[in-house]
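Below: one structure, written as structure tokens.
Laboratory data are not the source of any read-out in this text; all were calculated from the coordinates shown. Because the structure is predicted, anything quoted here is derived from the model rather than measured. Because the Cβ atoms are built from the backbone with ideal geometry, glycine has one as well, and the counts that use them run over all protein chains shown.
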Amino acid sequence: MQSAKTSLGDVIRHLVMLVVLIIFLFPIYWMIATSFKAAPDILTRPPTWTFTPTLDNYRFAFEEANFGLYIGNTLLVAGVSTILVIIFGSLASYSFARYNPGDGHIMFFILTTRMMPGIAVIIPFFLIFREVGNTDIGKALLIGLDRPGALIIVYTVLNLPFAIWLMHSFFQDIPKELEHSARLDGYGRIQTFIRVVLPLAAPGIAVTAIFSLMFAWNEFLFAFILTRDMARTITVGVSGFISQQGILWGPLTAAAVVCVVPMLLFALALQRYMVRGLTFGAVRG
Amino acid sequence: MTLSEAWDRLFWAAIIVVLIGLVWIRFLESVIGPCDGPGLLVALAVGIVFFATGWRSAAARKKREMTETEAKDEL
Amino acid sequence: MANLADVSSQVSTRAAESAPPKKRVLSDTWYSVLLITPAMIFIFIFALFPLGYAINVSLRYADLTSPQGISDYVGLENYRFALNDNIFWASVQRTLTFGVAAVAIEMVLGIAIAFLLNEIKWLKGLARSLFILPLAASPVAVGLIWRYMYHPEFGVYNGILASLGLPEQNWLGSTALAMPSVIIFDVWQWTPFVALIVLAGLQALPKEPFEAARLDKASTWRILRTLTFPMLAPVLTLVFVLRAIDAVRLYDAVFSLTQGGPGQATEVVTYYLYRLGLRFFRLDQSSAMSLLFLYAVVVFTALLMRRFMRNIAERARRA
């Protein structure tokens, strides 16, 4: 701090940092390494650190366990719910940022819906979707137990509060003067929103969309209860390698890698906004 | 009382009503046996009193503020 | 940006229908209400409807394994059962134990790591990015990986312990160690959350007071106590609240690591509700308990978040 020269304290700090990083990254390394191990290498005592890599586990996950379908389902559910969240969320969020309807109370109510423990509302969801699934509307819109529509609805509801809060912070960053001058140029309120506000908020909207996607991709509880096999998503697929007969560790780790690594890449791409997203926009980071 | 203040007060009134109801069932009923009717009445009464006091103090405050601004205007 | 295009087209059709630009048909208030309506309808229907449904079921006799299914009203009987159910209260206690331990460790470690990250010179950016990784991973997927790593025979942790000459542990299999093992997993996944946010708070602190204090030759401890921590307080409170609320909702980690076992050593509230409602199908009792749990979470959130919410409202009013 005082001088540019490297002090002993600096060296110690970096060493500690290195050790802490290794501890925190080790499980991810071990997951990836195990996924390339052949079955005998996975069940050795003590565990092996060196091995000949093989793709057998991935082959098993995709060919025998139908993992491609689960990825497709997840992409469908996550994608559609994110689009809905962005459409409804950006309108509402802009309104809260500019006009503050409800004086904070509605915003707070929205936040509490996000804080709800999923398990507390899952039984009603389960019963309602079971009913709806037997009606014609439910069949046509694919809403019901083990149908993607059910998860799309659930993820939209779960992500809307988050998206409204996060985008709120981005909309507030847009100077009001820009909107005023647009209005003086003869733009209406709606034109101003579309032509001036939305382009300026585009990075925020993109960040919100990626966070929503990540949430839907990683969600487990609702997917586990509301789907069986047709609409199964990736996280439930990973847990499916646990059976009464035992646990297929090899394919399980391969599936976990497929489930986790894309999100790690998303997170790295988002890192500038990570803190902002994690705090619902409260800390700018 | 503004709408938002009223909502806030109502929210906390509801929280208090439920709390009294729960305490009633958990602790009082184990002594005097099941009787949820009176418990419900007591809880609701407390909630209404809580809301009403908030309402009245807000009304009084508003009246005071109004007279103060009137006094300022006259000055 | 397909999403943006969707937004624009939706808004412009609405514009054509109800609010032609330039002519003020709607006041600002009604315009703002119109904008939040679609989102609010969605949230209201799908958040409040299940809530109403749960309240209704909690007042009935509802055992899905019995032929009647959801049957007659029984008054507050299920709440009476819930409030006197020892298994329920034991699970509440486990949730609290987990929450207090996990959040405390995460706060201490996270703050320490944030200070460390703030002080280092080389590869600061890289270290910061790498810390994000545990956060982004699906808790269930990495939880299952940890279950393999905790494995008493083939697990890497026992392998490391053995090679160091230390006694091997039955991490998830013993009643005494199961809960600490779940806590360790949670600490691994969420300490980076605390560290990143506190680091952001540290970097946003103004420089001048610290320079002045250093000129005054104030001790490091004194600077920490009188400047750094008071100025960081809002960020620390926020992190604490977010972590606490999340810890209470813990489900994925328990599911993937222990399924509530061994015995009931790690059966937290959420897992007990799951077992009672979706394994034994006692919808009535589990709905009543769910609502009690929800009530506790809402009160907790409302008490902790009030100031936070007021700040947001203030900011919105000033804007």
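A few remarks follow.
- FRET efficiency, 1/(1 + (r/R0)^6) with R0 56 Å, evaluated for B:Ser4 and C:Ala112 via beta carbons: 0.85
- Exposure proxy for C:Lys124, C:Lys207: other Cβ atoms within 10 Å of each Cβ, ordered fewest to most, give C:Lys207, C:Lys124.
- Residues of type aspartates and glutamates that A:Lys37 reaches as a straight line, Cα spacing below 16 Å, ignoring anything fewer than 8 places off in the same chain: A:Asp56
- Least to most buried among C:His151, A:His168, A:His105 (fewest other Cβ within 10 Å first): A:His105, C:His151, A:His168
- Against the main long axis of the alpha-carbon atoms of chain B, helix B:3-23 sits at an angle near 20°.
- Each residue, A:Leu8 and B:Ser30, gets one label point 7 Å from its Cα in the Cβ direction; the gap between the two is 6.1 nm.
- Helices assigned as whole DSSP H runs in chain C whose Cα atoms extend at least 30 Å along their own long axis and whose mean Kyte-Doolittle hydropathy is 0.0 or higher are found at C:86-119, C:175-203, C:283-318.
- Helices that extend 24 Å or more along their long axis by alpha-carbon positions and average at least 0.5 on the Kyte-Doolittle scale are, among the DSSP H runs of chain A, A:8-35, A:67-99, A:148-173, A:198-218, A:249-269.
- Hits among aspartates and glutamates - C-alpha to C-alpha of C:Lys121 under 14 Å, sequence gap 8 or more where chains match: A:Asp10
- Taking a ≥ b ≥ c as the square roots of the eigenvalues of the Cα gyration tensor, chain C is oblate, since a/c reaches 1.5 or more and a/b is not larger than b/c.
- Theoretical FRET efficiency, 1/(1+(r/R0)^6), r = Cβ-Cβ of A:Asp136 and A:Gln244, R0 41 Å, to 0.05: 0.65
- Pairwise FRET efficiency - B:Ala52 versus C:Thr220, Cβ, R0 = 51 Å, nearest 0.05: 0.40
- Added length on full extension, which subtracts the Cα-Cα distance from 0.36 nm per residue, A:Asn66 to A:Leu184: 36.6 nm
- Ranking of A:Thr113, C:Thr301 by neighbouring Cβ atoms within 10 Å, starting from the fewest: A:Thr113, C:Thr301.
- For segment C:142-248: relative contact order, % (alpha-carbon pairs under 8 angstrom, 6 or more apart): 17
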